[in-house]
Every structure is written in C-alpha cells, then in structure tokens.
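**Q** A single structure is presented below for examination.
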C-alpha cells in the first residue's frame, strides 16, 4: 500500500514538472460565472529567442475577441495577463497561440462558461 502512495506521488510531481516546462499554457478565471462577467486570462510563455508573437482568442457562438501581442524573444515577459470586461453569457473557448520567427504556431486551449 505504501509503495502505491509513493508511486502516485512521483507520477503527480513529474506531471507538474512537465507542465511547468511547457512552452505555452493558458488559464482563465473564473472558469464558471454569471453574466455579465470579467474574464482574466493568464498566459505563461517560456522564454525563447525565436518567440515573436502571442495571439489570444476568446470566442463563443455570439462573441469574439482577439489580441495579438508582440514578444521580444528572451526579453518577453513570462506571464501575460489580459482582462476582458462585461463578457455576455455563453460557453467560451480561449485559445493562446505562440508564433515563432519562422511563422510556426503552437496553440493551447481552455474553456470558460458564463451563465445568462
């Protein structure tokens, strides 16, 4: 039994280490709320010399908002925070896309639900 607990703890800690080293992650807060609401989107970008831009899109069936932020490679901030005010009800998909100097894109997605 004790060996199982140790094994689970090792797996969880290694998953956290892998997530911490991911080049891009997106979190939205609150994940569930009542309309109208303010959504705070936190994007973590691992510094890399070829990072050039970050695109963040928030969309539902009746709402769309996008932002493009220039990144200065290794000098870019690790965490970028975007706040969207007075978001109407809907099921939202939030996508963060990292663009490198060659134009290659890498995206991650998360969701938020805003109840009418």
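Bear in mind that the values in this text are calculations on the coordinates, not laboratory data. Just so it is clear, the model here is predicted, and its values are computed rather than measured.
**Q** Suppose a student asked you for the relative contact order of the stretch 69-116, using Cα pairs under 8 Å spaced at least 6 residues apart; what percent would you report?
**A** Answer for the stretch 69-116 is 36 percent.
**Q** For the stretch 22-61, restrict the atom set to alpha-carbon positions and state the Rg and Dmax in Å.
**A** That works out to 13.1, 40 Å for Rg and Dmax.
**Q** Take every DSSP beta bridge whose two residues both sit in the stretch 23-115, then give the antiparallel share in percent to the nearest 5.
**A** On the way: 38 of 41 bridges.
Approximately 95 percent, going by the DSSP bridge assignments.
**Q** Percent relative contact order of the stretch 23-115, based on C-alpha pairs within less than 8 angstrom and at least six residues apart? Intermediate values should be presented prior to the final figure.
**A** Working: 237 pairs, mean separation 35.8, N = 93.
Once divided by the residue count of the stretch 23-115, the mean separation gives 38 percent.
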